[in-house]
Amino acid sequence: MAVGRVWRVAGRTCLIAGGLCLASCAANAAEALSSGDQPLGLLAHVQGAGFVDLPPARSFPAIDEFRVGVLEPVDGPAEDKDGPPDINLELLLGRFGPQYQNVFWNNFLRPRLHFGGSISTDGGTSLVYTGLTWDVFLTQRLFVEGSFGGAIHDGDDHQFGCTVDFRESGSVGLMFGKHWELMATVDHMSNADLCDENRGLTTVGLRLGRKL
């Protein structure tokens, strides 16, 4: 039953990601037609041409972005899977290191430090986390993102094994103008079998970001 629910939610997430991709392609095509230019291919984007006009890159430790969203537990303890979606809040600081002229390397080689939390609304597992976030733009508006770090939770250690766990996430996102983005996100917390138990917690959902 749990596996079936994971596949159903994963399928909905794939549909959301596909919709974001189609919306991005449509937006790029509309921009190209309105400007009289041909749509840019992946190579041009990797070389740094034609990206959405983002605000100037902020450097660490300036605040770069706020995010809010809902994440539905799809795998983990029963009290989490049977409850409503969690509220997710996240803050990202500016990028580390010197800036690069190439947009691809400027994003990929300069991760952002993040701080966040997922809050259960019905007494399930809540957690706070921190780590690094990497992102890469695939088109003018479409990007992929990954993060890795650690989390502290208030769940049952007899199920999770450790109070402090690893946390990682993956997202597919779409920029709307200079400041707004929408992301489909998969989030996972576990202890990598370093403790006696390793139930883990996986959530899937949508998040809205606001760049400063």
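Which one is farthest from F160 (Cα to Cα), of the residues in segment 115-136 that are under 16 Å from the mean Cα position of the chain (by Cα), buried (at least 22 other Cβ atoms within 10 Å of the Cβ) and of a type in the set (S, T, N, Q)?
In this case the residue turns out to be T133.
Which condition breaks for F176 when tested against (1) closer than 25 Å to D82 by Cβ; (2) out of contact with any Gly (no Cβ under 9 Å at 6 or more places or on another chain)?
All conditions are met except number (1).
Quickly run through segment 74-113 and pick out the residues that are farther than 24 Å from G205 by Cα, buried (at least 16 other Cβ atoms within 10 Å of the Cβ) and touching a helix residue (DSSP H, G or I) at 6+ places or on another chain (Cβ under 7 Å).
The answer is F104, and nothing else.
Please determine whether any residue of segment 159-169 is among the hydroxyl-bearing types (S, T, Y) and farther than 25 Å from P84 by Cβ. Show your work before the answer.
Step one: list which residues in segment 159-169 are among the hydroxyl-bearing types (S, T, Y), which gives 163, 169.
Filter once more, keeping what is farther than 25 Å from P84 by Cβ: none.
Checked against the condition, which is being among the hydroxyl-bearing types (S, T, Y) and farther than 25 Å from P84 by Cβ, segment 159-169 yields no hits at all.
Please indicate, with yes or no, whether at least one residue in segment 113-120 is more than 22 Å from W180 (Cβ to Cβ), modelled with pLDDT of 90 or more and polar (S, T, N, Q).
yes
Here's the yes/no breakdown for (1) more than 18 Å from K81 (Cα to Cα); (2) of a type in the set (F, W, Y); (3) part of a loop (DSSP other than H, G, I, E, B):
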{"residue": "W105", "(1), (2), (3)": "yes, yes, no"}
{"residue": "F115", "(1), (2), (3)": "yes, yes, no"}
{"residue": "G124", "(1), (2), (3)": "no, no, yes"}
{"residue": "L132", "(1), (2), (3)": "yes, no, no"}
{"residue": "T139", "(1), (2), (3)": "yes, no, yes"}
{"residue": "E145", "(1), (2), (3)": "yes, no, no"}
{"residue": "G149", "(1), (2), (3)": "yes, no, no"}
{"residue": "L182", "(1), (2), (3)": "yes, no, no"}
{"residue": "V186", "(1), (2), (3)": "no, no, no"}
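If you go through segment 145-164, how many residues are of a type outside the set (F, W, Y) and under 17 Å from E90 (Cβ atoms)?
So the answer is 8.
Contact list please: Cβ distance under 6 Å, first residue in segment 159-187 and within 18 Å of G116 (Cβ to Cβ) and in contact (Cβ under 8 Å) with a residue 12 or more places away in the chain, second residue among the polar types (S, T, N, Q) and outside any strand (DSSP E or B), pairs at least six apart or on different chains.
D165/N191; A184/T13
Is at least one residue of segment 154-162 at pLDDT 95 or above and either out of contact with any Leu (no Cβ under 9 Å at 6 or more places or on another chain) or of a type in the set (A, V, I, L, M) (or both)?
For segment 154-162, residues at pLDDT 95 or above and either out of contact with any Leu (no Cβ under 9 Å at 6 or more places or on another chain) or of a type in the set (A, V, I, L, M) (or both): absent.
For segment 73-103, enumerate the residues that are part of a strand (DSSP E or B) and under 26 Å from V136 (Cβ atoms).
Answer for segment 73-103, where residues must be part of a strand (DSSP E or B) and under 26 Å from V136 (Cβ atoms): V74, N88, L89, E90, L91, L92, L93, G94, R95.
The values are calculated or read from the model by the stated rules, or taken from the named source; none is laboratory data. Treat the numbers as computed from the prediction; the structure is a model and nothing was measured. Positions of Cβ are backbone-derived with ideal geometry, glycine not excepted, and every protein chain shown enters the neighbour counts.
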